[in-house]
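Below is one structure, written out as structure tokens; the observations come after it.
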Amino acid sequence: MASTPFSDDSWLPSLTLPQLLLATYTALTVLALVYAASTSSAAFGVYNSQWDGSGDLRNVVADAGANVTVGTNVSQYPTSDADGTVAVVLSPEQSYSPSERTRIAEFVRSGGTLVVAEDYRPHGNDLLAAVGADARFDGRPVYDNRNYYRNSSLPEATPAGDYPETAGIDTVVLNYGTTVRAGNATTLVNTSEYAYLDSNGNANLDGGEQLASRPVVTSESVGDGRVIAVSDPSIFVNAMLERGDNRRFVQNIVTNHDTALLDYSHASSVPPVAAAVLAVQRSDVLLLFCGVVLVGALLAYDRRLDESLRDRLREYSGHEVDSHLSRDGVEKYLRARHPDWEAAQVERVTEAIIKQRPERQRND
């Protein structure tokens with residue numbers, strides 16, 4: 001039995017049931033592909049909305065009053081008048097090149113604030129050394145059997161004094177983090193005296209492992225800027241922002257900055273669609289090109305729509321509209337023939353009919 005087309009007295013094309021199902025399936029497939037290409041499952045990813053992503057970080061930063069920029073290239077670091085910018089680096093997957101390190105060092109020396117959050121990868125320490133900071137990440141897991149959230153691998157750390165970064169904070173909760181060897185840097189947050197570094201990796205206090213209070217967040221001046229070292233990038237992920245006062249801590253770091261640059265230039269967490277959008281936003285040439293393409297597409301669509309309306313009108317009318325009717329007469333005819341049409345649609349079809357008359361007369 002033949003499928004019955006779904007049609008009404010409008011300019012929309014008729015679709016059979018199989019065609020409608022195919023169109024629906026195609027639309028859902030396209031939406032799924034676009035979603036997959038615009039999200040990420042990478043840990044610490046700013047486009048990852050799962051527990052281990054940092055999708056909420058943009059909202060936290062925005063709530064602190066800063067404009068959020070997702071950085072995919074070190075060239076986005078300002079090297080002059082940088083005192084209004086804070087840059088956040090979360091456990092980079094690759095090392096920064098010498099020229100990139102120089103750029104970031106210039107950013108700090110010119111007044112920028114650099115936040116480096118790292119635990120076990122070596123690239124965090126390389127970056128700290130490159131910008132002239134004294135702090136270094138220890139790299140061994142820190143545990144606390146007395147002060148923790150749920151278990152000893154999530155130790156609770158407390159402010160070491162009254163600092164802007166620790167205002168309104170009672171505890172900062174780590175998640176399998178490490179500690180900071182502060183050197184000449186100022187300790188902002190430290191563990192309790194019951195914390196220890198697990199040197200042999202068995203998650204137990206034994207051997208030469210000692211209980212002691214150790215820094216987990218430090219701050220130091222470098223040139224006209226500052227460098228903040230955070231010994232656990234997990235503090236910035238979606239799930240951990242809700243633990244202790246982590247959210248308030250992150251907000252305190254970016255408060256009083258006009259711009260927050262989230263540096264993902266050395267992380268594989270920016271999906272293709274998001275990367276393309278960011279590239280267009282950074283390039284005036286690409287932005288102009290996309291605008292030209294969009295305008296051209298709209299003009300082409302508008303032209304095809306006029307042709308479709310004329311064809312549909314002839315199909316439903318069954319005969320041509322009287323060529324002697326005035327514009328007002330054509331409009332009255334269309335309203336009588338198609339009472340369900342909106343005014344804009346009547347005007348569009350009327351215009352198409354009026355334009356078509358000279359063409360028909362030439363053909364005749």
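The values are calculated or read from the model by the stated rules, or taken from the named source; none is laboratory data. In this text the structure is predicted, and so the values were computed from the model without any measurement. Every residue, glycine as well, gets a Cβ built from its backbone with ideal geometry; the counts of neighbours run over all protein chains shown. Surface accessibility is based on the protein's heavy atoms, side chains included, excluding ligands, DNA and RNA. Shrake-Rupley method; radii C 1.70, N 1.55, O 1.52, S 1.80 Å.
Laid out as a table, the results:
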item: Interchain or long-range residues, amide H under 5 Å from Ser49's placed H; result: Ser40
item: Net +/- balance of residues flanking His266 in space, Cβ distance below 10 Å, scoring K and R +1, D and E -1; result: -3
item: Residue list for segment 173-195, given a label point 7 angstrom along the Cα-to-Cβ vector of Gln210 and an amide N cut-off under 20 Å; result: 178-185, 187, 190-195
item: Separation of the Trp51 and Lys355 label points, Cα + 7 Å toward Cβ, nm; result: 5.8 nm
item: Gained length - Arg58 relative to Gln94, 0.36 nm times residue gap less alpha-carbon distance; result: 10.7 nm
item: Förster radius 22 Å - calculated FRET efficiency between Ala344 and Thr24 (Cβ-Cβ, nearest 0.05); result: 0.20
item: Long-range HN-HN contacts of Ala195 with modeled amide H, under 5 Å; result: Ala212
item: Of all accessible heavy-atom area on segment 150-223, the percent that carbon and sulfur account for (1.4 Å); result: 42 percent
item: Amide H within-cut-off set for Gly71, under 5 Å, with H built and near neighbours excluded; result: Leu262, Asp263, Tyr264
item: Debye-sum result for segment 83-185 in log10 I(q)/I(0), which assumes one identical scatterer on each alpha carbon, at q = 0.14, 0.19 Å⁻¹; result: -0.64, -1.07
item: Rounded to whole Hz, the Karplus (6.51, -1.76, 1.60) HN-Hα couplings of segment 201-217, x for glycine and proline; result: x, 9, 6, 10, 7, 7, x, x, 6, 10, 7, 5, 7, 10, x, 10, 9
item: Over segment 198-267 - Rg/Rh using Cα atoms and the Kirkwood inverse-distance radius; result: 1.05
item: Residue-count net charge about Asn59 - beta-carbon cut-off 15 Å; Lys, Arg +1, Asp, Glu -1; result: 0
item: Table column - 3J(HN,Hα) (Hz), segment 237-250, Karplus curve with 6.51, -1.76, 1.60, x for Gly and Pro; result: 7, 3, 5, 6, 4, 8, 9, x, 10, 4, 4, 4, 4, 5
item: Using a Förster distance of 41 Å, the FRET efficiency for Thr102-Glu193 (Cβ separation, nearest 0.05); result: 0.50
